[in-house]
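The values are calculated or read from the model by the stated rules, or taken from the named source; none is laboratory data. If you're wondering where the values come from, they're calculated on a predicted model, not measured in any experiment. Cβ placement follows ideal geometry from the backbone for every residue including glycine, while neighbour counts extend to all protein chains displayed. All accessible areas refer to the heavy atoms of the entire protein, side chains included, with ligands and DNA or RNA removed. Shrake-Rupley method; radii C 1.70, N 1.55, O 1.52, S 1.80 Å.
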Amino acid sequence: MIELERDGEIFTLTMNDGENRWNTTFVREMAAALDEVEASEGAAALVTVSASEKFFSNGLDLEWLATQGEHRGGDREPFGSEFMALMARFITLEVPTVCAINGHAFGAGFMAALCHDVRIMRSDRGFICANEMQLGLRIPTPELALFRHKIPLNAFFETVQLARRWTGPEALQAGIVQQTASMEELREIAMQRAGLLAPLAANREVYGGQKEQIYGENAAINGPHGAAYLLRNSAQHH
Amino acid sequence: MIELERDGEIFTLTMNDGENRWNTTFVREMAAALDEVEASEGAAALVTVSASEKFFSNGLDLEWLATQGEHRGGDREPFGSEFMALMARFITLEVPTVCAINGHAFGAGFMAALCHDVRIMRSDRGFICANEMQLGLRIPTPELALFRHKIPLNAFFETVQLARRWTGPEALQAGIVQQTASMEELREIAMQRAGLLAPLAANREVYGGQKEQIYGENAAINGPHGAAYLLRNSAQHH
Amino acid sequence: MIELERDGEIFTLTMNDGENRWNTTFVREMAAALDEVEASEGAAALVTVSASEKFFSNGLDLEWLATQGEHRGGDREPFGSEFMALMARFITLEVPTVCAINGHAFGAGFMAALCHDVRIMRSDRGFICANEMQLGLRIPTPELALFRHKIPLNAFFETVQLARRWTGPEALQAGIVQQTASMEELREIAMQRAGLLAPLAANREVYGGQKEQIYGENAAINGPHGAAYLLRNSAQHH
């Protein structure tokens with residue numbers, strides 16, 4: 001399902017399960033891969049790719065969720081909270097993370113991509129989309145908050161309320177991805193970017209700590225006081 | 001003043017009062033039109049247009065505000081709170097809303113446009129502008145919050161503090177409108193977009209409920225906790 | 001170090017200290033210049049430029065910070081809080097401010113540029129960058145909040161977490177600066193823009209008061225309630 005390789009400073013996490021739909025087994029294998037990345041030391045970066053030619057990740061494993069009993073997808077009950085917690089680990093990971101979006105990234109797959117530090121998307125095919133509204137489902141607050149804090153407010157609204165399907169070039173223009181590339185070059189460009197970012201992980205407490213400061217509990221930058229107030233009272237707000 | 005038509009799933013609200021300046025009568029006719037839209041069921045969308053060739057809406061009815069006694073604009077005292085409440089209804093309306101900005105949209109007219117889900121603006125003429133600073137007036141907090149939550153932060157500041165006049169192409173680039181069109185095509189493009197979005201209103205409780213989640217009281221995504229914290233504690237934040 | 005000139009409505013503040021690195025003396029001369037601007041009345045605007053051909057401001061005066069005893073940079077102990085407080089004065093200054101970024105703006109120099117109302121950047125050379133992550137340092141919360149509230153969220157993250165070096169054209173595309181210009185035209189364009197904005201300072205209480213509303217203590221637009229809630233309860237939120 002999930003393969004993790006290391007080549008020098010670069011870890012490559014390959015999602016290799018067809019459409020890469022999320023179930024508990026998938027989440028736990030992913031979590032085990034993050035354990036391995038976190039157990040490393042010094043300069044490093046993580047690149048996430050898909051083995052599929054068409055899908056980055058097509059969302060939740062709906063077939064598994066709709067059935068009962070034994071399934072390779074694992075226990076259904078703990079899925080929701082474990083998936084959300086995995087996303088929290090990704091967004092605050094202590095090493096730089098680069099996501100190569102080679103194809104469709106829907107729902108949970110879009111969330112996973114957004115939890116990386118950098119997104120590079122295939123330019124000619126594939127959509128990223130949070131399609132809950134089309135399915136008549138409300139987006140859970142933590143997912144809304146993720147979209148709210150990662151992309152500009154106009155793109156946020158089109159994404160969550162209008163369920164817009166973004167192509168690579170559109171997603172680049174909207175500030176959802178940072179670069180586009182042809183399918184042939186996508187992986188190599190992602191590896192190069194990871195190599196450039198890897199030195200930032202030399203001090204992991206600093207690199208991860210600042211992500212926590214931005215995205216964690218009582219994130220000061222989300223508080224009621226504006227920048228001027230904080231600048232004036234900087235001694236109380238480190 | 002205000003005309004509401006229905007053609008299949010699409011409601012068209014036409015502002016037909018010259019420069020379409022806001023007074024209490026205008027607000028109440030608009031509110032009555034929203035009552036009718038809300039009384040419908042199932043897939044639907046609303047398109048707001050202006051009958052003028054030059055103005056979408058040129059702001060408050062200053063002549064009415066400056067006078068006293070009987071006036072077709074109606075009672076002056078309840079205007080402020082009724083106008084703001086109408087904007088709140090628009091921004092959380094349970095059906096998708098598309099605004100065709102055919103000409104100038106100033107002050108209250110800009111606010112009304114921003115309260116729609118999608119804005120399509122004429123490409124060759126017309127400005128959108130919040131001109132309070134030029135008039136030596138502070139923008140009320142609810143209006144600031146509206147700009148703050150609808151457009152990227154750089155565009156927010158230029159809009160509210162520098163009173164920038166945005167052309168259609170500039171507003172598109174800045175993320176304030178989602179599309180531009182020639183005057184000839186504007187209405188048709190808005191209708192087409194509304195037709196594509198209408199199915200999202202099939203479950204109105206979901207579609208409107210999520211807007212409330214984003215723009216309403218104690219909107220969790222505006223709270224002090226970041227996305228990572230909410231993802232970690234997703235059981236408490238639905 | 002710091003020179004302030006006035007020509008009609010336009011104040012020009014020239015940073016003339018080589019790389020324009022920040023120490024306590026530099027901060028205090030800058031503060032004295034702001035005193036003079038604030039003591040004026042009526043329409044006015046401030047343009048900040050650098051006398052260097054290569055640097056706008058290259059960050060903190062690290063040589064001064066690393067040494068002890070007498071130094072033209074002044075006392076070291078009060079620097080942090082005085083610098084932050086100066087930035088707070090800039091971001092809420094009662095007259096429009098235009099920053100001409102003629103060359104590199106790093107760290108504290110980037111912050112100073114962001115505290116202006118408008119940034120115009122040289123198009124052919126120079127980078128703006130917050131390089132703390134590269135140095136293994138966390139960014140203080142007030143500085144994070146400044147970046148968080150001035151630029152779109154995608155540009156915010158690339159700036160603070162990935163220490164991206166932005167060229168002029170990239171910074172324009174990302175919404176960090178509002179215009180680019182050739183080195184030859186930069187100063188003149190900044191002066192023209194200042195001339196256009198100067199009338200906004202006619203009512204300084206309004207112009208500065210609204211900046212305080214946006215960036216100050218308990219800035220209502222940063223609170224937990226969304227725009228719809230505030231619109232509905234506008235009587236309590238002016």
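If only residues of the stretch C:1-36 that are of a type in the set (Asp, Glu), in a loop (DSSP other than H, G, I, E, B) and touching a strand residue (DSSP E or B) at 6+ places or on another chain (Cβ under 7 Å) are counted, the one that is least open to solvent (accessible area, probe 1.4 Å) is C:19. Every condition in (1) facing chain C (nearest Cβ under 9 Å); (2) under 14 Å from the mean Cα position of the chain (by Cα); (3) within 23 Å of residue C:205 (Cα to Cα); (4) not aromatic (Phe, Trp, Tyr) is met by residue B:150 except one, and the failing one is (3). Per the listing B:235, B:174, B:219, B:227, the residue uniquely away from chain C (no Cβ under 12 Å), farther than 26 Å from residue C:204 by Cβ and aliphatic (A, V, I, L, M) is B:235.
Against the definition (within 8 Å of another protein chain (Cβ to nearest Cβ) and either over 16 Å from the mean Cα position of the chain (by Cα) or among the hydrophobic types (A, V, I, L, M, F, W, C) (or both)), how does residue A:189 come out, yes or no? Steps first, please.
Numbers: within 8 Å of another protein chain (Cβ to nearest Cβ): no; either over 16 Å from the mean Cα position of the chain (by Cα) or among the hydrophobic types (A, V, I, L, M, F, W, C) (or both): yes.
It is false that residue A:189 is within 8 Å of another protein chain (Cβ to nearest Cβ) and either over 16 Å from the mean Cα position of the chain (by Cα) or among the hydrophobic types (A, V, I, L, M, F, W, C) (or both).
For the stretch B:215-238, enumerate the residues that are part of a helix (DSSP H, G or I) and either open to solvent by 10 Å² or more (accessible area, probe 1.4 Å) or modelled with pLDDT of 80 or more (or both).
Step one: filter the stretch B:215-238 for residues part of a helix (DSSP H, G or I), giving B:215, B:220-222, B:227-232, B:234-236.
The answer is B:215, B:220, B:222, B:229, B:232, B:234, B:235, B:236.
Only one of A:205, A:212 is out of contact with any Pro (no Cβ under 6 Å at 6 or more places or on another chain), within 14 Å of chain B (Cβ to nearest Cβ), open to solvent by 30 Å² or more (accessible area, probe 1.4 Å) and under 15 Å from residue A:91 (Cα atoms). Can you tell me which? Testing whether each residue is out of contact with any Pro (no Cβ under 6 Å at 6 or more places or on another chain), within 14 Å of chain B (Cβ to nearest Cβ), open to solvent by 30 Å² or more (accessible area, probe 1.4 Å) and under 15 Å from residue A:91 (Cα atoms) leaves just A:212. For the stretch C:190-208, check the following and say yes or no: at least one residue is free of Cβ contacts under 8 Å to residues at least 24 places away in the same chain and among the aliphatic types (A, V, I, L, M). Checked against the condition, which is being free of Cβ contacts under 8 Å to residues at least 24 places away in the same chain and among the aliphatic types (A, V, I, L, M), the stretch C:190-208 yields at least one hit. Taken together, C:73, C:42 contain a single residue that is in a loop (DSSP other than H, G, I, E, B), of a type in the set (Gly, Ala, Ser) and over 17 Å from residue C:109 (Cα atoms), which is C:42. Quick one: in the stretch B:37-78, of everything that is crowded, with 16+ Cβ neighbours inside 10 Å and among the β-branched types (Val, Ile, Thr), which residue is farthest from the other protein chains (Cβ to nearest Cβ)? Only one residue tops the list, namely B:49.
Annotation for the stretch C:127-139: no member residue is within 14 Å of chain B (Cβ to nearest Cβ) and touching a Leu at 6+ places or on another chain (Cβ under 7 Å).
Restricting attention to the stretch A:174-186, and to residues there that are over 18 Å from the mean Cα position of the chain (by Cα) and in contact (Cβ under 8 Å) with a residue 40 or more places away in the chain, which single residue is least open to solvent (accessible area, probe 1.4 Å)?
The extreme case among them is A:181.
Scan the stretch B:92-126 for residues that are of a type in the set (D, E, K, R) and either touching a helix residue (DSSP H, G or I) at 6+ places or on another chain (Cβ under 6 Å) or facing another protein chain (nearest Cβ under 10 Å) (or both) and the total you get is 4.
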